[in-house]
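Trainee: Following this message is one structure expressed as structure tokens.
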Amino acid sequence: MISSMTGFASAKGSLGAHAWGWELRSVNGKGLDLRLRVPDWLEGLEAALRAELSRAVTRGNVTLNLKVARDDSQAALTLNEAALDTALTALARIDDIAAARGVALAPSRASDLLALRGMMNSSAEEDDVVALVAQLKAEFPPLLAQLVEMRRVEGRALADILTTQLDTVDSLTAQAATLADARKETAAATLRINLARVLDNAEGADPARVAQELALLAVKADVTEELDRLTAHVAAARDLLASGGPVGRKLDFLMQEFNREANTLCAKAQSRELTAVGLELKAVIDQMREQVQNVE
């Protein structure tokens with residue numbers, strides 16, 4: 001079954017004081033473009049995630065966001081006695097200098113000292129980056145599986161739409177073939193009349209040469225090859241949809257060939273009915289091309 005290039009997955013997790021959130025999304029792209037936003041202090045994580053994404057996804061613009069936060073609210077605080085001793089010595093010196101100059105200072109409060117930078121130490125443990133990276137690596141495969149599954153679900157819907165559109169192209173091609181067959185007798189009669197008119201009014205013209213030119217015009221107006229190729233393209237597109245896998249580029253190329261044949265059919269139509277069918281074919285093919293842009 002084919003897959004779409006559109007998908008989304010998210011998850012949250014935690015370990016100790018760390019909590020994180022994942023967001024993984026993919027959209028259409030000509031090739032595979034991976035954009036990872038991972039904290040750079042998580043050594044080795046980005047490379048590992050990029051490798052897994054490359055194995056699971058072959059096409060699309062894929063964006064991964066990982067935000068990691070640490071909660072230190074439960075960490076115990078202890079007094080930095082060395083910093084306090086330094087601060088008290090400085091205060092005493094300030095009081096002595098002020099007294100010598102006859103300046104009265106307001107008494108210092110303990111809260112003022114505690115507010116000084118470095119006065120309190122946190123008992124928060126150092127980050128265990130190795131354990132954190134290991135946990136994040138373990139959580140990534142299920143997240144990636146969510147994305148891949150969503151792309152597959154979208155792919156099944158795309159396959160249904162494309163199959164219906166191919167049925168329409170097949171039906172219109174058969175209708176064009178019927179109209180082309182019905183046109184043959186009229187076209188032949190018109191050519192005979194034109195040949196007689198040219199011969200009557202072209203003194204000295206070589207009848208064989210004129211007949212050859214008119215026959216060439218008849219060949220150029222024949223749409224059998226275009227209709228045969230359209231039928232073959234429908235069969236090829238059905239085979240690609242049935243084979244599954246990353247067939248988006250092949251389908252995209254095939255859509256160009258569909259469009260080429262429909263354009264030629266319209267150019268050769270020479271009848272209002274056949275032109276109308278050709279225009280319908282072009283409209284359906286354009287719709288298919290839009291859908292194919294989503295196929296991996």
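The values are calculated or read from the model by the stated rules, or taken from the named source; none is laboratory data. Bear in mind the structure is a predicted one, so any value in this text is a computation, not a measurement. Reconstructed Cβ throughout: ideal geometry from the backbone, glycine too, with neighbour counts over all protein chains shown.
Trainee: Just a yes or no: is a residue in the stretch 36-53 of a type in the set (Lys, Arg) and modelled with pLDDT under 95?
Mentor: no
Trainee: Follow-up. Restricting to the stretch 39-59, give me the number of residues that are without any contact (Cβ under 8 Å) to a residue 12 or more places away in the chain and surrounded by 12 or more Cβ atoms within 10 Å (Cβ to Cβ).
Mentor: Residues flagged as without any contact (Cβ under 8 Å) to a residue 12 or more places away in the chain and surrounded by 12 or more Cβ atoms within 10 Å (Cβ to Cβ) within the stretch 39-59 amount to 1.
Trainee: Checking the condition assigned by TED's automatic domain parsing to the domain that holds residue 40 and at pLDDT 80 or above, which residue from 134, 157 passes?
Mentor: On inspection, the qualifying residue turns out to be 134.
Quick grid of which residues meet (1) modelled with pLDDT of 70 or more; (2) outside any helix (DSSP H, G or I); (3) of a type in the set (Ser, Thr, Tyr); (4) more than 30 Å from residue 15 (Cβ to Cβ):
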site: 144; (1), (2), (3), (4): yes, no, no, no
site: 162; (1), (2), (3), (4): yes, no, no, yes
site: 167; (1), (2), (3), (4): yes, no, no, yes
site: 179; (1), (2), (3), (4): yes, no, no, yes
site: 191; (1), (2), (3), (4): no, no, no, yes
site: 213; (1), (2), (3), (4): no, no, no, yes
site: 219; (1), (2), (3), (4): no, no, no, yes
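Trainee: Here's something else I'd like to know. Pick out, from the stretch 1-61, the strands (runs of 3 or more DSSP E) lying fully within it that include 2 or more residues that are under 17 Å from residue 149 (Cα atoms).
Mentor: 7-15, 18-27
Trainee: Outside the structural domain of residue 248 (by TED's automatic domain parsing), surrounded by 15 or more Cβ atoms within 10 Å (Cβ to Cβ), closer than 30 Å to residue 156 by Cβ and of a type in the set (Val, Ile, Thr), is that true of residue 62?
Mentor: yes
Trainee: Restricting the first residue to the stretch 260-278 and requiring it to be closer than 17 Å to residue 171 by Cα, which pairs with a second residue that is of a type in the set (Asp, Glu) meet a Cβ separation below 6 Å and a spacing of at least six or different chains?
Mentor: Cβ pairs passing all conditions: 261/226; 265/226.
Trainee: In the stretch 245-270, which residue that is loosely packed, with under 15 Cβ neighbours inside 10 Å and of a type in the set (Gly, Ala, Ser) is farthest from residue 55 (Cα to Cα)?
Mentor: 267
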